[in-house]
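Read the structure below first, then the notes.
The values are calculated or read from the model by the stated rules, or taken from the named source; none is laboratory data. Keep in mind it's a predicted model, so treat the numbers as computed, not measured. Methodologically, a virtual Cβ is constructed for each residue, glycine included, from the backbone with ideal geometry; neighbour enumeration extends over all protein chains shown.
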Amino acid sequence: MTSDETLMLLYKEGDAQAFEQLYIRHKGALYRYLYRQTSDRTVADDLFQEIWLNLIKARQRYEHKAKFSTYLFRIAHNRLIDYYRSKKNAIPVSYDEDHDPDLQQAPNVNQPEKQAEIAYGIENLISLLKGLPEAQREVFLLKEESGMTLEEIAEVTGCNKETVKSRLRYAVKKLRAGIK
């Protein structure tokens with residue numbers, strides 16, 4: 001399998017199929033990140049399109065300095081910051097309950113008790129995520145949605161690794177305490 005970084009370099013040289021592969025690989029995680037940060041499907045859709053357009057426009061300047069996912073989520077992070085700055089009194093991220101199967105895929109279970117237990121667990125997690133401070137929530141989502149390392153998250157958010165590590169630790173601690 002061709003690496004994301006190689007695909008982006010191929011796309012930089014004009015290979016449209018390389019872009020298509022990158023899009024297919026990263027569209028789900030990027031969209032979930034945006035939706036969970038904005039809690040508004042229309043805003044998430046718009047930001048999603050803008051981020052991919054920004055990537056297309058910037059392809060000639062792309063240099064392989066970090067993982068492609070770090071590059072992509074850095075674009076997303078910056079676009080989210082711009083979005084929130086443009087809103088008066090906007091506070092990022094609320095996690096409204098949403099049972100869209102594209103966003104939440106619970107295991108296929110035929111037992112009603114198990115289905116109710118899973119639904120309660122999802123609702124509880126969404127509620128707990130809502131209660132996290134924005135910085136902790138963002139770090140947690142970047143780690144869980146994109147599988148980024150602490151170093152990559154630090155690069156995306158513009159924080160140092162220790163700050164990211166601390167935010168992630170506090171987020172996980174709060175989530176665990178709420179799940180018990």
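Figures for the structure shown
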{"quantity": "Number of positions in the stretch 55-73 that are under 17 Å from the mean Cα position of the chain (by Cα), more than 18 Å from G14 (Cβ to Cβ) and not basic (K, R)", "calculated": "5"}
{"quantity": "Enumerated helices (runs of 4 or more DSSP H) restricted to the stretch 84-163, each holding at least 1 residues that are out of contact with any helix residue (DSSP H, G or I) (no Cβ under 7 Å at 6 or more places or on another chain), modelled with pLDDT under 65 and of a type in the set (D, E, K, R)", "calculated": "112-131"}
{"quantity": "Failed item, numbered, when Q60 is tested on (1) in a helix (DSSP H, G or I); (2) surrounded by 12 or more Cβ atoms within 10 Å (Cβ to Cβ); (3) touching a residue at least 12 places away in the same chain (Cβ under 8 Å)", "calculated": "(2)"}
{"quantity": "Qualifying residue in the stretch 5-20 (condition: among the hydrophobic types (A, V, I, L, M, F, W, C), in a helix (DSSP H, G or I), modelled with pLDDT of 90 or more and under 16 Å from the mean Cα position of the chain (by Cα))", "calculated": "no"}
{"quantity": "Subset of the stretch 24-35 (residues that are within 15 Å of L53 (Cβ to Cβ) and in contact with a helix residue (DSSP H, G or I) (Cβ under 7 Å, 6 or more places away or on another chain))", "calculated": "H26, L30, Y31, L34"}
{"quantity": "Enumeration of residues in the stretch 164-180 that are exposed (fewer than 15 other Cβ atoms within 10 Å of the Cβ), in a helix (DSSP H, G or I) and of a type in the set (K, R)", "calculated": "R169, K173, R176"}
{"quantity": "Filter result (closer than 22 Å to I126 by Cβ and at pLDDT below 90) within the stretch 34-74", "calculated": "Y35, R36, Q37, T38, S39, D40"}
{"quantity": "Residue within the stretch 20-39 that is small (G, A, S), out of contact with any Asp or Glu (no Cβ under 6 Å at 6 or more places or on another chain) and either surrounded by fewer than 19 Cβ atoms within 10 Å (Cβ to Cβ) or closer than 18 Å to F68 by Cα (or both) present", "calculated": "yes"}
